[in-house]
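Contents: one structure, followed by commentary.
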Amino acid sequence: MSNKDKILSSLLHAKLCDDCLSITSNVVPRQTVYSICRSLSESSVIARVRSNCDQCGKSKTTNQLLDENELITDEENHSLNIDSSEPSWYWEGNVQSKVVHHLVINGFTIRSVADTATRTAGKDIVAIKDSTELWISVKGFPEKSKHIQARHWFSGAIFDLILYHGENPNVQLGIALPDGFSTYGNLAPRIRWLKDSMPFQIFWVNETGAVRVE
């Protein structure tokens, strides 16, 4: 998917400023988002107006689709092929998006966000506040072999934190998980000993998108 298509996909259900659009679409640097959105605006595909961004809530220049039924791709001029099926709320990308929004409204600056759909290598979320970085490993909940696979994913998130701590013991650490699943809920208390020796936070995201931090 081209950067232009990523941006259009991200604007299907939200009105976003360039900063939040860069994070949501995983198109960097921000200047690339600005250039593409200016071109889309000149082509009357989107409107660029000053209003409150749906993600960060700030009054900024935002981007909004004018007609979702007339989306076009770049060079080939084919209709944008976006899967109409909505991923589950507990999909990793949705969990990641909600945590990013939570961090932004709580004063964090987002440094980077991994593309979970393409399994981009690196930290899932890197944010900074008051000169201290926060590195977060994000996991969703599996659709198949749920109990067994969820245990593997939980273990993977904890192992990510161990690697992060080894890379830089001065950063804050966190994992982000969908809330309400017994597998994760039962495993979390069993690693309290690790939180005592290597402090980290758990960002629980529920079905409504609310985030609670443990």
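The values are calculated or read from the model by the stated rules, or taken from the named source; none is laboratory data. Note that the coordinates shown come from a computational prediction; the quantities given were computed from them, not determined experimentally. FYI the Cβ positions are ideal-geometry reconstructions off the backbone, even for glycines, and counts take in every protein chain you see.
Which one of these does SER131 not meet: (1) loosely packed, with under 12 Cβ neighbours inside 10 Å; (2) in contact (Cβ under 8 Å) with a residue 60 or more places away in the chain? Condition (2) is where SER131 drops out. When you look at VAL104, is it within 30 Å of LYS146 (Cα to Cα), at pLDDT 85 or above and either polar (S, T, N, Q) or in the same structural domain as TRP204 (by TED's automatic domain parsing) (or both), yes or no? It is false that VAL104 is within 30 Å of LYS146 (Cα to Cα), at pLDDT 85 or above and either polar (S, T, N, Q) or in the same structural domain as TRP204 (by TED's automatic domain parsing) (or both).
Is it fair to say SER44 is closer than 24 Å to ASN106 by Cβ and either in the same structural domain as VAL100 (by TED's automatic domain parsing) or of a type in the set (S, T, N, Q) (or both)? Taking the combined requirement at face value, the residue does not satisfy it. Scanning the stretch 12-36 for residues that are surrounded by 23 or more Cβ atoms within 10 Å (Cβ to Cβ) and either more than 17 Å from VAL104 (Cα to Cα) or modelled with pLDDT under 85 (or both) returns THR24, SER25, VAL33, ILE36.
Within the stretch 117-126, identify whether any single residue is in contact (Cβ under 8 Å) with a residue 24 or more places away in the chain and farther than 25 Å from GLN55 by Cβ, and answer yes or no. Before you say what the answer is, go through the steps one by one.
If we filter the stretch 117-126 for residues that are in contact (Cβ under 8 Å) with a residue 24 or more places away in the chain, which is where we start, we get 117, 120, 123-125.
Now drop any that are not farther than 25 Å from GLN55 by Cβ, which leaves none.
Looking through the stretch 117-126, none of the residues is in contact (Cβ under 8 Å) with a residue 24 or more places away in the chain and farther than 25 Å from GLN55 by Cβ.
Restricting attention to the stretch 157-174, the residues that are assigned to a helix (DSSP H, G or I) and closer than 23 Å to SER131 by Cα total 8. Take the conditions buried (at least 20 other Cβ atoms within 10 Å of the Cβ), at negative phi and acidic (Asp, Glu) and apply them to ASP160. Does it pass? No. Restricting attention to the stretch 46-72 and to residues that are in contact with a helix residue (DSSP H, G or I) (Cβ under 6 Å, 6 or more places away or on another chain) and either part of a loop (DSSP other than H, G, I, E, B) or charged (D, E, K, R) (or both), the residue that is modelled with the lowest pLDDT turns out to be LEU71. Scanning the stretch 192-214 for residues that are at negative phi, touching a helix residue (DSSP H, G or I) at 6+ places or on another chain (Cβ under 7 Å) and part of a loop (DSSP other than H, G, I, E, B) turns up MET198, PHE200. The set of residues in the stretch 37-52 being over 18 Å from ASP5 (Cβ atoms) and surrounded by 11 or more Cβ atoms within 10 Å (Cβ to Cβ) consists of ALA47, ARG48, VAL49, SER51, ASN52.
The residues of the stretch 135-156 that are in a strand (DSSP E or B), of a type in the set (A, V, I, L, M, F, W, C) and without any contact (Cβ under 8 Å) to a residue 60 or more places away in the chain, listed by number, are TRP135, VAL138. Exposed (fewer than 13 other Cβ atoms within 10 Å of the Cβ), assigned by TED's automatic domain parsing to the domain that holds SER112 and outside any loop (DSSP other than H, G, I, E, B): does that describe LEU177? So LEU177 fails the test.
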